[in-house]
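Single-structure report; data block below.
The values are calculated or read from the model by the stated rules, or taken from the named source; none is laboratory data. Please read all numbers here as calculations on a predicted model, not as lab measurements. As a convention, Cβ positions derive from the backbone with ideal geometry for all residues, glycine included, and neighbour counts pool all protein chains shown. Ligands, DNA and RNA are stripped out before the accessible areas are found, and what is left, the full protein with its side chains, is counted by its heavy atoms. Shrake-Rupley method; radii C 1.70, N 1.55, O 1.52, S 1.80 Å.
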Amino acid sequence: MDNIFSAIPNSDWAYIGCVSAEDRCSIMATYFPQFGHFSEKLVFCISDKPSEATAEIRDKTDAHQTTFKNCNFAEADFFSANIFDTFGTYEDRINTFFTDITSTRLLLDISTLPKKVFFHIVRQIYRNAERFSDVVVTYAEPAEYCEGNLASNPEPWDALPGFRVARRQVADLKILVGIGFEPLGLPSLVESGEFNNSPISFLFPFPADQSSNAKNWRFIRDIFPNAEQASFKVKRVDGSNVPEIFDLICGEGDSGNIDLLLAPYGPKPMSLAMALYAAKYSNPPNSQTGVYYTQPTYYDPNYSVGVKIQNGKPVINCYVIRADNQNLY
């Protein structure tokens, strides 16, 4: 982030992010003022389904919301919703923000935004590109993840809003699965024969530390217990390198000429690359690109802890999506 914003004159930006139980959710509020000012703001506050951890999650989220407010965020900048609300609830607020926005520069922080929300926002960025001279996406890396299950109680396999393909097509599409830590219902789908006729490729984050590497391989083995006998491909990619992953997806989909089904279970930057590809190539007359997922409805209150620090600074990956009125993807 420092490399990018040190080259940009200090100015006003519109901001979209999410307040949550994770410490990294508020890092942009505290760290960005040295580079510019957030003139227009939209901060999602999304509640999971009630559980034994609800009170702990609420307390942590409230503390981080206070951090935002101490950084000149107002009560009106927050939008509260439930994870199980119909997507129209989110869509209306997002559309209103894009309609009313006056800033020509947009910063989207996806550090803790649910995929169904930021995929839609990326699509709206493509559809309203002429309104922005510059668009930057940020992702703060945590100090560590919890050791247990990060998320659970997934909803059924379904399309992310705006990225559905005809049911008869799903079983025949070439599938790219981003590998993460939690397969979230994918094993039962494979076992039921949902993907019997589909060529599957896993996008494997590499290099990774030993713990992450073990979890990623467990992800595959949970889906295919007899991995040596299963028919799939593993493609190793840098899980933080959005341009590299985007180019790989372009190759797999022949830049929109081959129908793809994307399953974003991997790291957020990998999911961002999928969102960029789907937003660009999911509309006729281009190919039909679907994005399907099993949305978890419970996240561990200690999903991640802290913010990764390197050379005394927070590690915030920064991806320039649009610069000087030109889309870069």
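Of the residues in segment 246-263, at least one is closer than 21 Å to Arg218 by Cβ and not in a helix (DSSP H, G or I). Restricting attention to segment 103-117 and to residues that are out of contact with any strand residue (DSSP E or B) (no Cβ under 6 Å at 6 or more places or on another chain) and more than 13 Å from Val136 (Cα to Cα), the residue that is least open to solvent (accessible area, probe 1.4 Å) turns out to be Val117.
Report, by residue number, each residue of segment 294-329 that is more than 24 Å from Tyr15 (Cβ to Cβ) and open to solvent by less than 20 Å² (accessible area, probe 1.4 Å). Hits for segment 294-329 are Thr294, Gln295, Pro296, Thr297, Pro301. Of everything in segment 128-142 that is farther than 15 Å from Ile16 by Cβ and in contact with a helix residue (DSSP H, G or I) (Cβ under 8 Å, 6 or more places away or on another chain), the residue that is surrounded by the most Cβ atoms within 10 Å (Cβ to Cβ) is Glu141.
Here Asn70 meets each of (1) touching a strand residue (DSSP E or B) at 6+ places or on another chain (Cβ under 6 Å); (2) open to solvent by 50 Å² or more (accessible area, probe 1.4 Å) with one exception, condition (1). For segment 74-89, a tally of residues being touching a strand residue (DSSP E or B) at 6+ places or on another chain (Cβ under 6 Å) and under 13 Å from Val43 (Cβ atoms) returns 5. Taking segment 282-293 as the range and being out of contact with any Ser or Thr (no Cβ under 8 Å at 6 or more places or on another chain), open to solvent by 30 Å² or more (accessible area, probe 1.4 Å) and touching a residue at least 12 places away in the same chain (Cβ under 8 Å) as the test, only Asn286 passes.
Checking each residue in segment 41-67 for being among the charged types (D, E, K, R) and open to solvent by less than 40 Å² (accessible area, probe 1.4 Å) picks out Lys41, Asp48. The set of residues from segment 131-156 being within 15 Å of the chain's Cα centre (by Cα) and of a type in the set (Phe, Trp, Tyr) comprises just one member, Tyr139.
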